[in-house]
Amino acid sequence: MKLAMSLIGDTTVVGMLKIKGVSKQFNSLTVLKDVSFNLRKGEVVGLCGPNGSGKSTLLKIISGFEKPSCGKIILNERDITKTPVEERVELGLSFAFQMPRPFLKMTVFENLLTGCMLRYEKKEAMLKAEELLELFGLEKLAGRKAMNLSQGELKLLELCRSLSTEPDFILLDEPFAALDRENTKNVRKKLKMMKKMGVGMLITAHKTRILEKLADETYWIELGKIKRIERVEG
Amino acid sequence: MDGKGREGREEEREELNKIEMVGNAVKSYKEFYRKKRRIKLAEFSILATILIFAPFVSGFYLLWLITLGVIYSTYTLAWNWMETMIGRTSLGHAIPFGLAGYLSALLYIYTKNPLLFPLTWIVAGMLSASVLYILSLSRDRVAFVFISFLIGAIIWIFSPLFTITMGGEIYGGEEGFSLPSNPILVTYSLSVVLLLAVFLFFGFLRTSATGLKFTTVRDDERAARLVGVKVNRVKAFCTLISCIITALAGGLYALHFSHVNPEVFSIHIALFPFIATIFFKNDSEIGGVTGSFILVFVSNYLNSIFPQLHLLLYSALLIVSPGIIRWRARKAKLTGGV
């Protein structure tokens, strides 16, 4: 855990990601309607809903890949609504795709190194990448090219890479999608570990059950509107 | 007690194994890049030795051909840099290549000062880079190939219309422009210095941390942004470097022939680097150089049999290129590791 803490840095600083009245329209189609909620550092918020409910669009808006039609995104008291993706990453916001998008022609180690180099010089970045390999149990795959990994391994690499930029918050788009039971268990374990490390996470899923014992708060989103808020104990 | 001790020892051993494994990963990574650099340096040394001794053992015509090979090699490396760093296959690189010659010729008509040529080459590179950079902003890589080709083709079609009148004489048109003639050794030396510098520069950058960051853009622009890479800046830098070096090669090409005409924008100039790199690994400088030399010599031989026969070779290679590219991708996937 000492190792894990060293990756994230000062976890005592209380950070907050605020989503304020975010709406999104594609021509006449309204995908998101006035969505608001907060996410604190070290907290896990689940966002569940059926296909096409607007979960992924919301994550894309928060990460900066899409622009909201109206509303604001505030990260640690700073309005980042118009900030480009790469600057959001520098400010401590990370994103993991539903379908992993590793740098296919690079090795697992290089994939992590690219993220670590955001905050460190190459030598130190290599040590950080090394720590991440150990943390995610990817040591054996370090020298393998990403194009040769299985779906479960790719998912772990995606998670690991999202952590490599030392974010305060990570947005995870359906991290359990297309995984068998064994890999789901493994990814869940890593997410719990990341939570303990003090990373705030916004996780989307189809069903609330999968986020039990992981999410501090779960929101139900349907037709672009947050309809039900439930508190999950434990 | 004994059992616990054994467990403890096993845990300790496991921990040590893990550390060793990670250590091995970093070690093998470092070793891999060290080896890669050593190989590149060896390739550079061989190339430099050959090029330094070439003038002493070649006749005029062979040296003239080698100079052409050197110029085309530089062009291929510059083109390949853009392809392997930001994943943009440009079929519009004939623009900086030809524009450099044209601007030099214009400058020469007005100033008669050949010392200002490098300046015009850099201007040609910057102008072309701005066009290709704007095209590269779109994430549609296929559109980039065709639009860059289209722009190059438009310039090729309309360049014969470009004429200037000075002192009652008309310059340009189909005939093109004249440039001052140089001793072959001057063009050769300049071309060799440029090629070797480019070879070293790309080889070094490719194996550096900066190169690794650049290649994230080639692999996946969205994912690159998520590791904090400023994608548009990387595109601007790589496009600028690629176009300026192409323009320098184009300028030397014009000097080599002491003449420039609309053919410098032609389809075979645009396709040359693509064809020269079909058979070689993308990130290999020596591959680009070897491919260019082979293509220059074979094309020249074919043209001596029948004019423009080399275009048949280009067509044949273009037809088989998708198969070769697929085969190379399969091979890369099978070879797996580092």
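The values are calculated or read from the model by the stated rules, or taken from the named source; none is laboratory data. Everything quoted here is computed from the prediction, not taken from an experiment. Here the Cβ is made from the backbone with ideal geometry for all residues, glycine too, and neighbour counts use every protein chain on show. For accessibility, only protein heavy atoms count, side chains too; no ligands or nucleic acids. Shrake-Rupley method; radii C 1.70, N 1.55, O 1.52, S 1.80 Å.
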Across segment A:72-96, the tally of residues that are open to solvent by less than 30 Å² (accessible area, probe 1.4 Å) and either in a strand (DSSP E or B) or in contact with a strand residue (DSSP E or B) (Cβ under 9 Å, 6 or more places away or on another chain) (or both) stands at 14
The one condition B:Gly101 fails out of (1) open to solvent by 10 Å² or more (accessible area, probe 1.4 Å); (2) assigned to a helix (DSSP H, G or I); (3) touching a residue at least 60 places away in the same chain (Cβ under 8 Å); (4) not acidic (Asp, Glu) is (1)
For segment B:255-305 the number of residues that are open to solvent by 20 Å² or more (accessible area, probe 1.4 Å) and either at positive phi or part of a strand (DSSP E or B) (or both) is 2
The condition of being touching a residue at least 40 places away in the same chain (Cβ under 8 Å), farther than 27 Å from B:Val229 by Cα and either part of a helix (DSSP H, G or I) or in contact with an Asp or Glu (Cβ under 8 Å, 6 or more places away or on another chain) (or both) holds, among A:Thr184, A:Thr218, A:Thr204, only for A:Thr218
Counting only residues in segment A:126-142 that are open to solvent by 10 Å² or more (accessible area, probe 1.4 Å) and in contact with a Leu (Cβ under 6 Å, 6 or more places away or on another chain), the one farthest from the other protein chains (Cβ to nearest Cβ) is identified as A:Glu131
So for segment A:101-119 (the condition being at the interface with another protein chain (Cβ under 9 Å from one of its Cβ atoms), open to solvent by 10 Å² or more (accessible area, probe 1.4 Å) and at pLDDT below 90), does at least one residue qualify?
yes
Taking segment A:82-100 and the residues there that are over 25 Å from A:Gly198 (Cβ atoms) and within 19 Å of the chain's Cα centre (by Cα), the one that is nearest to the other protein chains (Cβ to nearest Cβ) would be A:Pro84
The residue from A:Lys145, A:Lys123 that alone is facing chain B (nearest Cβ under 9 Å) and open to solvent by 40 Å² or more (accessible area, probe 1.4 Å) is A:Lys145
Reported set for segment B:59-86 where residues are surrounded by fewer than 18 Cβ atoms within 10 Å (Cβ to Cβ) and farther than 14 Å from B:Val296 by Cβ is B:Gly59, B:Phe60
